[in-house]
Structure formats: structure tokens, C-alpha cells
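Read the structure below first, then the notes.
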Number of protein chains: 2
Amino acid sequence: MPNFLIAKLQWFTPLSDADRLALHGATAKRRQVGAREDIAHEGQAHGPVRMILDGWACRYRQLDDGRRQITAILLPGDLCDTHVNVLCEMDHSIGTITPVTLAEIARDRLDALVGSRPIVGRALWWEMLAAVSVQREWTVNIARREGIARLGHLFCELFHRLRAVGLTRDFGYGLPLRQSELADALGLTEVHVNRCLRALRDRDLITLRGRWLTILDLPALERASLFRPNYLHLGRRNAANAVGPVPARPPETYRYGSSHYQSAR
Amino acid sequence: MPNFLIAKLQWFTPLSDADRLALHGATAKRRQVGAREDIAHEGQAHGPVRMILDGWACRYRQLDDGRRQITAILLPGDLCDTHVNVLCEMDHSIGTITPVTLAEIARDRLDALVGSRPIVGRALWWEMLAAVSVQREWTVNIARREGIARLGHLFCELFHRLRAVGLTRDFGYGLPLRQSELADALGLTEVHVNRCLRALRDRDLITLRGRWLTILDLPALERASLFRPNYLHLGRRNAANAVGPVPARPPETYRYGSSHYQSAR
DNA sequence: CGGTTCATTGAGATATCTCAATGGTCGTGG
DNA sequence: CCACGACCATTGAGATATCTCAATGAACCG
């Protein structure tokens, strides 16, 4: 399995072989979690720093009345809790969408890594700040865009983030989220998500069949969703070894974890 | 002027005299900004790390159609951009609400401070993580609560955050936000904010006169707003010198910056 | 092959928005 | 000290996005 974290960090800065090796070493300890299980729960004390090696997960907060709000989608290569152990306890939960492979990194190990490899430390800072920026944009998206644009905006974001780690194929990617989960992420109702999806299809902006999303006209979808990718901070990598914005080869896999989802035929 | 940052950090950890002195020294360089001006603008390269010494400000993002969304309220003692210089450019703007006194801290100076004083470094980590947690809660608030609760939730949050730095008096505080700014923060319309305010007043939960907000029944308001303060991470300070949750004395000031706003009579 | 989960559709209810007008407050200049 | 203008708060009425409840249909799994 390719290391998606390394792939992502190189959008920010080139990493030496030694850096890569150190990152590989730190993420060697792995754990499997099934689909739709909790990785961490609100109120828990903090454990090790976790990283999504493969599969999809999400942060969410459960409301008293049973509804929940997903506040972030975690994709392969995403870190769950950089240095979050500074806080006493979790204020939200993390659950899986698909089966997930985690790397667990002991806090002192991470500190040592950051201490000995400043480039890696800076790259991890970037990863965290970019995640915060995404969080801000979610606030804007939910507050100010109407259903159709909100949904389209999420699809655009996921496309760019997945492309950064090589998990897109052309203009499509595997989308394991159910409509109820899209609703939980967007602050909408399952029913309304369904209708907005139909609208996006009717406008020939996307297709969605068999858990595979295809963006038929990315510029048009971005326009319709008021999407501007700057907040992802994937734009101009300041790497010397920069390659094109799109990975040259299609990704090796678009299945999630074990073969839980089918691709489009 | 008391140093609100120090006051806030001590909710997380006790600071030695030397720590306090170092923080004081780092925030010595100051700048004044008028009300409703931009401190930083989207697209700009990053400058020094900024801290709000006094006054209110906000992060916001401007949408193409002229509307804007405020994504965070910055209160005295809040840091604007901890280590954000890692990113190439700002993805949002920061503007003042009231006249603001800023401290500007050069990046290398901050690095040196964090390097030489690990307690301060950890405390600044806490401050950043708590801010991210607030950001997540804003997403939940806007996504899942209806107007009245949304407004009430914001009032509760501001109360707790201001109390942590000693800027409340009993159950009230100065609220310099206009209704249009409340609307921009909550993803509502100015008109609707007005009606929700009336509803909160009619239910005897708050009064708001002359830029002074009084919470008439905090537990009731928190209940009505589905507010739980855990996400603020101000709950259990692990300080040895912990005092009660409410500062013993009323704050020295509840005017913003220069005497721009009147208190309640 | 039957059951469970998920997606789709309809119709009525409600929160919020839009547009437009009126009223209040405050600072400024005459 | 008053009058004016600018800005902000308030109210009304109709429009629209989204929700709720409920039912049906499709897909998938054991």
C-alpha cells in the first residue's frame, strides 16, 4: 500500500529519502477497524496520534436529540489528532465510513520525529493548518450555500483532496458515503440530499452509480458550487521536484479497505 | 492593560513568573487598528504572528455575491495565526469589530520563545487546539441548530470565553456586534437575527440594551441552545493554583479599545 | 428467497429569506 | 441647541428552501 501521507506532504515540500524513511517507520504500527465503527469517542482520554492509512472516516458530534453532525471527512493520508493530547479529552468522536487501516504513533515517537527532522515537522504543521482551513470552509459552505451548491462543493473538495493522494481516476472517485451520511455532513436531510443529487444529475454535472462518482464537467461544477480550491492549500507546491497537478498514472486502488465496495462497471 | 493571553493560558496550565515575563516581552510590540478595518486580507502573504491584546475582531470569508461569512470571533487574548506562516498565503481575511490593539510577534521570536520555554509552547498548543475545537462547534451550530438556539449558543460561548479572561460582569458582557454581524456569523439574515433576538428576549433569557448583553438565566439559555461548554476546554484547569470558575473581581474594563461603546446605564 | 438497508417520491408544514417600508439613535455641523 | 443625515433596528407580507412524515421501490446479503 502506498503511503498516502507522504504523497500528500510532498504537495507542500519535497522530502528526502531519509524523511520518507522516518515517516514510514513511524507509521509502521497498524490497526484494522471495520466499517461504521468508532475509532475514538467523545469524552475519552487521548491515546496515540492516529493516521488514516487506508479507507474513509469522519469526525462527528452527536446531538442530544439523536441527530449527528459530521464535521470532517478523513481520507487516506489524513492525521486524526496531531498533538491533540494536549487537551484533556476528546470533544467529538471519530468513526469509520469504510473499513480503515490506521497507523498509531506514540506521542513521544512523533515528538522525536519532529525534533530530529525539521522538514517533516514543518510538513506536519502544514497538514494541520490545511485541515483547519478546510474546517473553516465547511462552516462557510454550510452557512451560506444552498443544498445543491453545498453538495457540489463537497464533491469538488473531495475530488481535489483525493487527487492529491492519487485516489482519483480521470474525473471520478469512489464515494462510500451514503445519502444519510452526506446529509449528516452537510447539515441537510437525507430526503433533501436525494433531491439535490438528482438536480446535479439533471444538470449533467455528475453521475453517481455503484458508489462511483464521476464529475462530468469540473469547471462547471466548481462554478455552480462557488468552489475555489485555494483553501485546500494544494495549489502551488513549493517543491523543486514538482510534477504536474494531476498524478500521471491512475491510482492503484479505488477500493476501500477490504473489497467492501464495488467500482462502477 | 492586563495581558489577556496570559490569563487565558492559565486556564490550561500554571505559568511561572519567568514564563509570564517572556510572554509579556514577546507581545511588547503593539499596533492600533480602528473599528471595522481589515487587519489581514485574503490572498496576502503572511506577516508576523498577531495577537489581540484588546478589542474584538473576526475571521471572515467574502463570497462572490457580496455576502460574507464570519468564521470566528477573536477576543482579547486570542492569537490570530499561530505558525500559519507555514502556508503560502491567507485563505481568509481578518477584520476588526471594535478598535483593536494588536501585538505583533516575529516568527523567529515566537519560535525562540516556544523553544526555550516548553510550558509556554504547550500552552500555545492548547490555545490553538481549543480554537480549532471552537471552529468545529461553529460548524455544528450552524448546521444543526435553528435560529434561536444558534444565537443563544453564540451568546453562551462568548460568555464563557470572555469570563475566562475576566471580561464579564456578573452574567453580562459588552457585545459590540451589530445584528448584521451576528447574521454574518450565524449564517442567517439580519432580519431573522432581529426576530430571534426578540424571541430570546420574550422568553426572558436575555436582555440587550446599549451594546450590553445580560444573560438572565444561564442554565436555561444553555439548555435552550443545546450548549455544552466542554468544547471550549476551559472546564477543568489542571493548574495547581486553580481558583473558582468565575473570576473573583469584576473586570477592570468592558469598553472596547478606545471608548467607542457605551456600557449599559 | 426473504429480510434488511438504502434510495426515491409525494404532499403538506415550517423556518428562513427577500423586498420594502418605518422608526430609532447618534454624531456632526450649522 | 437644533436639524439633518447616516446608520442601525424593527416590522410586515409574501416567496422559497428545507423539513417532516409516510409510503414505495431498489439493491444487497445471508
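We did not get these values from a lab; they are worked out from the coordinates using the rules stated. If you're wondering where the values come from, they're calculated on a predicted model, not measured in any experiment. Every residue, glycine as well, gets a Cβ built from its backbone with ideal geometry; the counts of neighbours run over all protein chains shown.
Table for the structure above
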read-out	value
Integer Hz, Karplus 6.51/-1.76/1.60 couplings in order for region A:4-11, x for Gly and Pro	5, 4, 4, 4, 5, 4, 6, 6
Selected from B:Leu177, B:Leu53, B:Leu87 as most flexible by GNM, with chain B as the system and alpha-carbon contacts under 10 Å	B:Leu87
Amide H partners (placed H, <5 Å) of A:Asp81, local residues excluded	A:Arg50
Projected label distance in nm at B:Asp38 and A:Arg30, using a 7 Å step from Cα toward the beta-carbon	4.7 nm
Dimensionless Rg over Rh [region B:37-151; C-alpha; Kirkwood]	0.99
Cα gyration tensor shape of region B:134-195, rounded if a/c is under 1.5, else prolate or oblate by comparing a/b with b/c	oblate
Within straight-line cross-link reach of A:Lys8, lysines at Cα separation under 24 Å, skipping those fewer than 8 residues along the same chain	A:Lys29
Other copies of B:Gly121: label-to-label distances in nm, shortest first, labels 7 Å along the beta-carbon direction	0.6
Proximal charge balance of A:Glu127 [Cβ under 11 Å; K/R count +1, D/E count -1]	+1
With Cα atoms, 0 to 90° folded angle of helix B:190-202 axis to chain B main axis	70 degrees
Stokes-Einstein D in µm²/s, Kirkwood radius over Cα pairs - chain B at 10 °C with 1.306 mPa s viscosity	84 µm²/s
Most fluctuating residue given options B:Val140, B:Val86, B:Val49, as computed from a GNM of chain B linking Cα atoms under 10 Å	B:Val86
Region B:146-234 shape via C-alpha gyration tensor axes, a/c threshold 1.5	rounded
Relative contact order computed over chain A (Cα-Cα under 8 Å; 6+ residues apart), in percent	23 percent
Max mean-square fluctuation residue, GNM over chain A, Cα-Cα springs under 10 Å, options A:Gly166, A:Gly115, A:Gly174	A:Gly115
For A:Ala45, inter-copy label distances in nm, listed shortest first [label point 7 Å out on the Cα-Cβ vector]	4.6
In degrees, nearest ten, helix B:17-26 long axis to first principal axis of chain B (Cα)	80 degrees
C-alpha long axis of helix B:107-116 to longest principal axis of chain B, angle in °	70 degrees
Along chain B, longest interval not containing exposed GluC sites (Glu not before Pro), exposed being DSSP loop plus at most 15 other Cβ atoms within 10 Å	B:38-145
Kirkwood Rh, angstrom, the protein assembly as shown [1 / mean 1/r, Cα pairs]	24.0 Å
Sum of -39500 (n - 2.57) over DSSP H runs of 4+, divided by residues of chain B (222 nm, nearest 500)	-11500 deg cm²/dmol
